[in-house]
Amino acid sequence: MKAASTTIKTPTTVTIVEAPPQARVVVTVEMALYAAIFGVAAVLRLWNLAAAPLSAREAAQAIAAFNGTAMPVGGSPLLFGINQLLFGLFGLTVNDSGVRLAAALIGTIMVALPLLFRSAIGRYGALGAALLLAISPTLVVASRSLDGSIVTAACTLAALGFGLRYFTTAKRIDLFGLAGSIGLGLTSGPGLITLSVALIPALLIVYLWIASAEDRATLKQLWQDTPTRREGVLIGGVVFILAATTLLLRPTGLAGVPEILSAWLGAWTAQDATGALRLFQILIAYELLILSFGLISLFGALRRLTGLTALLSLWAIGALIVALLQPGRQMLDLTLVLTPLALLGGLLVDRLARELEQHATWHAEGVFWIIAAVVLGFAAINAGHTAMELAPSQLFLGLELTLATSLSLGMLLMAGVIGAICVLMIGWRATLRAGGVTVLVVLAVIGFSHAWNLTQVRPANPRELLWGPTTTTLDVRMLREALQAASRRRSGFLDQAPVAVTLPQDDAVLRWYLRDFKRVQYNAAVSDLTPVIVAPLGSTFPPFVTDTYLGQPFVTQALWEPSQLTAEDFLRWWFYRESSSAPLPVQTYVVWVKLNP
């Protein structure tokens, strides 16, 4: 008899494992603001990059890179090598925009560098610093120029930011960023020596007197990590060699690096072409936003110094002192002064934003902003109309005042009355917060307007201080077009007609804009067989020239100084960059074209 078998069925448990959610990029308000600021910076720096002709310093570097000769004194080895590479790849198609492109891209990237300081100056502070850097007229012009100052400022800011992050987090990626920034900065230009003179003593001061014992211990521990330190040195060295030699394509570029020191030392014995007063004029005329917020934050930092605020303050002060004392100063040296002030200004923006976040109410600050918007709109319209009036002066309490003085007094009086009323209505703290935001917005709008007008509306205008004191005018392009038209009539091609230039090759601007003419001769003797002659105004020629040639003058360089302003012109110049005094011609050429070739 078989035994009965039983089968016990156990229930099967099925475990459902949920797939992890796919990573999504969340766009925050902060990210959107950074994108907007970066977009504004890119437009200001890259749009219509060739609007202004090359200055004499730019043209000297560009034509040397084009011809493959040695870098001129004061040039940037990094930018010079990049331009040599561009000319090797694209030849004559590299124009004014092409030689400025590398500096413009570096200046655009620089706007994002305050992100490195986000933990030190705050979320709002980093945004504020990025905004100040983005719309600074001086930094915009420096980014749109073939000048190494913007490279020096960007690399120094990056090195400081990565160094601060490495000190805080000890991550290798930050050390590599620090090393790469230093390696790239070593090829930036003579401004590197200025910042070395300012920052090396500043670092010693911070280490000896401001850093705590814990900070010194942390720094010592990081220094003792020998393998990581060696990796950083290796990366910095590789970046330096690649930058100096243009990716090893131009080994002779290493010889240009020591010239940075020679150029900086030579600036101490150079002729004082740009007076120290002009630097202050530029700061007041163009940089009120960074100047006001940066200086307020600097003086506030003196009450409670931290390592970062001390470094930024000493950086700004040291760079300004060198710029004021050095006879061979350039206006774009202010880039090295304004960069740390922008970060210091970010500290004030952060404090103001946090005050608003914690205490602001629409029925308090909102009232102030509504009143301010109406009053400022009226004041702007009235000021613009007043600036164009021809009345030289007005009487006030028996005193004769210029339009600028009377307008300033009126606006100050109006601001005082509005401020007093708002203090009574909403309190002095709310008035101070709302007033700070109003000043920030107004100065930001003015700064953006200056930057846009400088680069798009009035490029190469000698009355714009940042283009001077000696400016390459737009006439140099008209001269080139006249030569092309004459060449087309003569040979059927734009660049094939013989052109005789009656002076040696000492005008870099002229050589740059005539670089693609195949049959141009410099220091040439005048012959009746020459179809086109280019000569300085006032040159003497044989009688046949005036009889058989038609001449047209072109002012290629002009000079304008603020000292030419009269009291009646000041307000019109401040708003519209117009004045009764015309720019003075510095270099004028006459293009002589043979009537019957």
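Computed from the coordinates by the stated procedures, all read-outs in this text should not be read as laboratory data. Predicted model, so just to flag it, every value in this text is computed and none were measured. Backbone-built Cβ (ideal geometry, glycine too); neighbour counts: all protein chains shown.
Tabulated values for the structure
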quantity	calculated
Residue (of Thr530, Ala36, Leu261) at the positive-pole extreme of the chain, dipole from beta-carbon charges	Ala36
Contact order normalised by residue count of the chain, Cα under 8 Å, 6+ apart, percent	15 percent
Listed peptides 45-51, 529-535, 303-309 by packing density, highest first (mean Cβ within 10 Å)	529-535, 45-51, 303-309
Listed residue (Thr194, Phe117, Leu157) projecting farthest to the positive dipole end of segment 89-209, Cβ model	Phe117
Where a label projected 7 Å from the Cα of Ala50 along Cα→Cβ would reach, residues of segment 471-510 with amide N under 20 Å	472-488, 493-497, 508-510
Value of relative contact order over segment 69-203, rounded to a whole percent, pairs C-alpha under 8 Å and six or more apart	29 percent
Helix 307-325 vs. the chain, principal-axis angle (Cα, 0 to 90°, nearest 10)	10 degrees
Residue-averaged [θ]222 nm for the chain, counting only DSSP H segments that reach four residues, each worth -39500 (n - 2.57)	-19000 deg cm²/dmol
Charge dipole magnitude, Cβ of K and R +1, D and E -1 - segment 29-354, Cα centre, debye nearest 20	540 debye
Pairwise label distance in nanometres, Ile446 with Ala567, each label 7 Å out on the Cα-Cβ vector	2.3 nm
Degrees separating the helix 365-387 axis from the principal Cα axis of the chain, which is the longest one	0 degrees
Per-pair calculated FRET efficiency, R0 = 25 Å: Tyr207 and Ile321 via Cβ, rounded to 0.05	0.70
Among [x] 69, 58, 56; [y] 136, 88, 62; [z] 88, 49, 47, the entry that matches Cα extents along the principal axes in Å as calculated here	[y]
Segment Arg229-His359, length gained on full extension (0.36 nm per residue, minus Cα span)	42.1 nm
Simple label model, 7 Å out from Cα along Cβ direction - Asp547 to Phe575, nm	5.7 nm
Span from the segment 215-240 Cα centroid across to the segment 300-339 one, whole angstrom	27 Å
Added length on full extension, which subtracts the Cα-Cα distance from 0.36 nm per residue, Val29 to Asp516	170.3 nm
Segment Leu247-Trp268, length gained on full extension (0.36 nm per residue, minus Cα span)	4.3 nm
Between segment 506-583 and segment 242-286, the Cα center-to-center distance that results, in Å	28 Å
Degrees between helix 334-359 axis and first principal axis of the chain (Cα, 0 to 90, nearest 10)	40 degrees
Shape category assigned to segment 455-597 from the gyration tensor of Cα positions, a/c cut at 1.5	prolate
For the chain, with +1 on Lys and Arg beta carbons and -1 on Asp and Glu, the positive-most of Ala373, Ala217, Leu289 along the dipole	Ala217
Assigned charges on the beta-carbon of Lys, Arg, Asp, Glu; the chain dipole about Cα centre (debye)	1760 debye
By average C-beta atoms within 10 angstrom, highest first, the peptides 33-41, 94-102	94-102, 33-41
Separation of alpha-carbon centers, segment 43-96 and segment 103-146, rounded to whole Å	23 Å
Burial ranking of peptide ranges 135-146, 285-296 (average Cβ count within 10 Å, highest at the top)	135-146, 285-296
